[in-house]
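See below for the structure under consideration.
The values are calculated or read from the model by the stated rules, or taken from the named source; none is laboratory data. As the structure is a prediction and not an experimental result, all values here were calculated from the model. As a convention, Cβ positions derive from the backbone with ideal geometry for all residues, glycine included, and neighbour counts pool all protein chains shown. Just the protein is used for accessible areas: all its heavy atoms, side chains included, with ligands, DNA and RNA removed. Shrake-Rupley method; radii C 1.70, N 1.55, O 1.52, S 1.80 Å.
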Amino acid sequence: MNRVVHPIEQESFRRLRARLDTSAFPPLTRAVVERVIHSAADLDYATDLVTTEDDLRRGHAALHAGAPVVVDVEMVAAGITRRDTVCWLREATSGPGLTRSAHAVRLAYGQVGPGALWVIGCAPTALEELLTLDADPALVIGLPVGFVGAAESKEALRASGLPAVSNVSEKGGSAVAAAALNALLYHPTSPEETP
């Protein structure tokens, strides 16, 4: 099913591309970079995001094959279109040395097991917890935001060797994390569908 793009979105991407040449990026990387920039109106993401085309291909294939999508908060879930997500934050509890977000990751992993796509846009502790599990993810979109632990958790994600999308700075958030996943959802699965 082809996605109908609203004229405002078309114009927004036209203006983005007039201000930033993204044509040198490989296809999936370009899709993610552009959609993240679009979601935040922040051109700096072109140099702040860290990913590889191979990681994105793996995530794209798993996503379109029906792999579960796990999110850290409902705000990320609300931004993801055309796909159901798993979020255990409401059921999670905090305890000594364990935040609700970290507990929610444990609960979600118990449900989905290996091979899921993880989209973390809020809580650095959720990303930190995911890195302690043997989750074998198809892709981790790790874009938590904040002055405490966000940059460090994303650095740990990159050091882990897991297939990932992250960024270097403290910025991030639910909207950009959802945008990165949506870029993979919207990207065609066959060459003849390429925009």
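A compact table of results
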read-out	value
Solvent exposure ordering (accessible area, 1.4 Å, most first) of Arg58, Arg90	Arg90, Arg58
Approximate spin-label separation Asp44-Thr93, in nm, with each point projected 7 Å along Cα-to-Cβ	4.1 nm
Sulfur and carbon atoms: percent of accessible area, the chain [1.4 Å]	55 percent
Rel. contact order, % - alpha carbon contacts under 8 angstrom, at least six apart, region 74-163	23 percent
Rough spin-label spacing in nm, given labels placed 7 Å along Cα→Cβ, for Ala156 and Arg14	4.6 nm
Residue among Glu74, Glu91, Glu34 with the largest mean-square fluctuation in a Gaussian network model of the chain, springs linking Cα atoms under 10 Å	Glu91
Over the chain, relative contact order from alpha-carbon pairs under 8 Å, at least 6 apart, %	24 percent
Packing-based ranking, highest mean first, of 161-169, 11-19 given that Cβ atoms within 10 Å are counted	161-169, 11-19
Spin-label pair Asp21/Ala61, simplified geometry with 7 Å Cα→Cβ offset, distance in nm	3.2 nm
Share, in percent, of DSSP beta bridges within the chain that are antiparallel, nearest 5	25 percent
Accessible area (Å², per residue) of region 1-99, counting only protein heavy atoms and a probe of 1.4 Å	60 Å²
